[in-house]
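First up is the structure itself, then whatever we jot down about it.
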Amino acid sequence: MRRLLTVLLGSAALLGSVSVAHAADKKAPAKPPVVSKPIKALHDSFLILDTHLDTPTHFGRPGWEITDHHEVEHDFSQVDLPRMNEGGLDGGFFVIYTGQGDLTSKGYEYARDYALHRAVEIREMLAANPGQFEIALTADDARRINKAGKKFAFISMENSWPLGEDLTLLETFYKEGLRMAGPVHFRNNQLADSSTDPKGKLWNGYSPLGVRWVAEANRLGIVIDVSHASDDIVDQSLALSKAPIIASHSGPKAIYNHPRNLDDARIKKIADAGGAICINSIYLTDNTPSPERKAAMEKLGPSPDLKTATPAAVKAYADKRAAVDKAYPAKRGDFDLFMKSMLHVLSVAGPKGVCVGADWDGGGGMDGFEDITDLPKITAALKTAGYSDSDIEGIWSGNVLRIVAAAQAAAEKK
């Protein structure tokens, strides 16, 4: 397969709209919680899962290995095996991400090849580290792999543009391990409307092909992910899907009124239908840069191509970027805001309708919540907010594994 052009690290954050404060039934702590030894032990006793890890964007980088310890401030990566161990992350959904392009035969061919290449990179990482990682195809696989002392890796697809107009490709990716998929990303495609396309609606929800995509995902037992999709898509997914749906990395509009976020009514409908909303760490505040920061970033120049740049070149750029960040800090929110978002969704959906998908390596991260080593803070904050151990473990993994199992059970009934 020919080498394909690189998609830039992570998802480009869109400019937000006006923030709308909304008090949750249970308040977040005023400061990031101190993670005591008992809380850390409790956290480590849970099966910890994140539903949206964009870490495969690093798998082809020169000198980057998932088994090495990295630092986000030096190479922009937020997930690796040593930090998984430190933060208690037992596994999650590793993402096949393809940025949206042209709805043409050439565009579809490019996207198909790019996504297949990314799937191969994920499988190659797993094959290279059999003592540390194993692919998970079912909820029981995740539990078994965890008990064996290894990290489990589900595979998901962010943006189904690579399928083109050939839905048999969904089964091709399923055979490579795909168990969750979203129809669309930042722009409308052949299947569905995005929540953020500046041109507005194309299909008023799903296209006719997109309706068939839902049925095919159900047939295979692939969980349908509505993050990035329009409100119409959320509604139609709930109506069409024979299995619960998920929002793998989303937040509430009540905290920040951004098109990427979900309103309370839809949050409740997803949860009531057996699905869940996995809390994101972006789109929670206006991130419009100040004129000074914008000018400094423009002077800094483009970021290095992570697929070709040497580790030294990446670090050199990161050091310069750190100087800009110190002089003109980015608007990105903090851990307290993340917990306000989570606690609000909990107040609407209940503990069985919430999960965690912070968008690590895809634009996620906040002050005090920089990489996966900070995950125990969520457990500490949820305990402070009064949630039970069983509720917290459900939020971390039980709810998602239930949804995976439900999708597969629905497929088996056909």
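Observations
- Most mobile of 341, 160, 207 in a GNM of the chain (Cα contacts under 10 Å): 207
- Cα lying deepest toward the dipole's positive end in the chain, options 405, 238, 206, charges on Cβ: 238
- Per-q log10 I(q)/I(0), the stretch 307-414, q = 0.12, 0.13, 0.20 Å⁻¹ (Debye; single scatterer per alpha-carbon; no solvent): -0.60, -0.67, -1.07
- Charge dipole magnitude, Cβ of K and R +1, D and E -1 - the stretch 166-285, Cα centre, debye nearest 20: 60 debye
- Taking only protein heavy atoms and a 1.4 Å probe, the accessible area of the stretch 142-237 is 49% carbon and sulfur.
- A crude spin-label estimate for the pair residue 175 and residue 286, with each label 7 Å from Cα along the Cβ direction, gives 5.2 nm.
- Sequence-separation-based contact order of the stretch 45-94, relative, with Cα cut under 8 Å and 6+ spacing, percent: 52 percent
- Between residue 102 and residue 389, the FRET efficiency from the beta-carbon distance, with R0 = 35 Å, is close to 0.10.
- Put a dot 7 Å past the Cα of residue 64, heading toward its Cβ, do the same for residue 321, and the two dots end up 1.0 nm apart.
- Comparing 347, 397, 45 in a Gaussian network model of the chain (Cα springs below 10 Å), the most mobile by mean-square fluctuation is 45.
- Which listed pairs, of 268/307; 106/320; 201/253; 150/175; 40/175; 150/320, have C-alpha distances above 31 Å, in listed order: 268/307; 106/320; 40/175; 150/320
- Solvent exposure of the stretch 104-154 as accessible area per residue, Å², 1.4 Å probe: 46 Å²
- Looking at the stretch 236-314, the accessible area is 40 square angstrom per residue; that uses a 1.4 Å probe and ignores ligands, DNA and RNA.
- Normalised alpha carbon radius of gyration of the stretch 207-361 [divisor 2.2 N^0.38 Å]: 1.28
- Extent along principal axes [Cα atoms of the stretch 87-229; Å; largest to smallest]: 48, 30, 24
- Summarising the amide proton neighbourhood of residue 223: residues at separation of 5 or more, or on other chains, whose placed amide H is nearer than 5 Å comprise 180, 181.
- Coil-residue trypsin sites (Lys or Arg not before Pro) of the stretch 94-202, DSSP, other Cβ within 10 Å capped at 14: 199, 201
- The chain shape via C-alpha gyration tensor axes, a/c threshold 1.5: rounded
- Couplings 3J(HN,Hα) for the stretch 147-163, derived from phi with the Karplus relation 6.51 cos²θ - 1.76 cosθ + 1.60 (θ = phi - 60°), are 5, 7, x, 10, 8, 9, 10, 7, 10, 10, 10, 9, 5, 9, 3, x, 6 Hz, where x marks Gly and Pro.
- In this structure, the amide hydrogen of residue 151, modeled 1.01 Å from its nitrogen in the peptide plane, lies closer than 5 angstrom to those of 133, 134, counting only residues at least 5 positions away or on a different chain.
- Hypothetical label at residue 303: residues of the stretch 359-386 whose amide nitrogen lies under 19 Å (7 Å Cα-Cβ projection): 359-373
- Compactness index (Cα Rg / 2.2 N^0.38 Å), the stretch 176-286: 0.99
- Residue 358 long-range amide H proximity, modeled H, under 5 Å: 51, 52
- Loop GluC sites (Glu not before Pro), the stretch 93-180 (other Cβ atoms within 10 Å of the site Cβ: 13 or fewer; DSSP): 165
- Residue-wise HN-Hα coupling along the stretch 253-264, computed from phi with Karplus coefficients 6.51, -1.76, 1.60 (Hz; x: Gly, Pro): 5, 5, 8, 8, 7, 10, x, 6, 8, 10, 7, 4
- With the charge dipole of the stretch 211-333 set up from +1 on Lys and Arg Cβ and -1 on Asp and Glu Cβ about the Cα centre, the Cα lying farthest toward the positive end among the listed residues 283, 265, 330 is that of 330.
- Relative contact order of the chain, defined on C-alpha pairs under 8 angstrom at six or more residues apart (%): 25 percent
- For the stretch 233-310, the alpha-carbon radius of gyration amounts to 1.58 times the rule-of-thumb value 2.2 N^0.38 Å expected for a compact globular protein.
- R0 of 35 Å, Cβ-Cβ distance residue 138-residue 109: FRET efficiency to nearest 0.05: 0.65
- Note that the stretch 46-58 has calculated 3J(HN,Hα) couplings of 7, 7, 9, 9, 10, 8, 8, 10, 7, 4, x, 4, 9 Hz, one per residue in order, obtained from phi through the Karplus relation 6.51 cos²θ - 1.76 cosθ + 1.60 (θ = phi - 60°); glycine and proline are x.
The values are calculated or read from the model by the stated rules, or taken from the named source; none is laboratory data. Owing to the predicted nature of the structure, the values given are computational and were not obtained by experimental measurement. Cβ atoms come from the backbone with ideal geometry, glycine included; neighbour counts cover every protein chain shown. These accessible areas exclude ligands, DNA and RNA; they are computed on the full protein's heavy atoms, side chains included. Shrake-Rupley method; radii C 1.70, N 1.55, O 1.52, S 1.80 Å.
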